[in-house]
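Some notes on the structure that comes next.
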């Protein structure tokens, strides 16, 4: 279930640490942070809905928040809070360090761990790199043909699809994560525990 407070706090935390980022980079970092947290702790940070788009997996609610719109049911309160927190530059894509401080009451220690992981790993990467990298995971490439051929504009990604730890090149996203743990997480999410 989507947690608008956790989404906005995560976006604020990422932007505060990065100082400057475009919307694409922020939603990609949130995707990788959600993936990290789901793989390690059986829970997304954001609880957001994911869609496979030409730019790869995108958290729909987070993108709405950064665009200050409510296409996917984001509350008017959250949109107003985003307008107050985030400063958009003239290009209408880039955001700079938020001027307002915020407490991260909705984020747990493990949420911060996941956000710090993606900041450390991807802080020097740009949007095109993050798109290409996200295209290497099955939650996107399962839908690649339909998207690239224009058959569909987007496809829903379910939570189980996000539990892929290996890209199409055989590289692990979380090197120290064992397959047995992923299987246990799948069983937990399916309600077998």
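Derivation of every value follows stated rules applied to the coordinates shown; laboratory data play no part. In this text the structure is predicted, and so the values were computed from the model without any measurement. Cβ sites come from the backbone with ideal geometry, for glycine too, and all protein chains shown count toward neighbours.
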>> Within a 10 angstrom radius of the beta carbon, how do 118, 69 rank from fewest other beta carbons to most?
In response: 69, 118
> In degrees from 0 to 90, rounded to the nearest 10, what is the angle of the helix 76-85 Cα long axis to the longest principal axis of the chain?
Replying inline: 70 degrees
> Relative contact order of region 4-190: what whole-number percent is it, with Cα pairs under 8 angstrom and at least 6 residues apart?
Replying inline: 30 percent
> Under 19 Å from the 7 Å Cα→Cβ point of residue 105, by amide nitrogen: which residues of region 53-82?
Replying inline: 75-82
>> Could you tell me how many cubic angstrom of Cα convex hull volume the chain has per residue?
In response: 126 Å³
> With a 10 Å Cβ neighbour count serving as the proxy for reagent exposure, in which order, fewest first, do 87, 25 appear?
Replying inline: 87, 25
> Most mobile of 146, 113, 180 per a Gaussian network model of the chain (Cα springs, under 10 Å)?
Replying inline: 180
>> Need one number: convex hull volume per residue for region 105-190, Cα atoms only, in Å³.
In response: 150 Å³
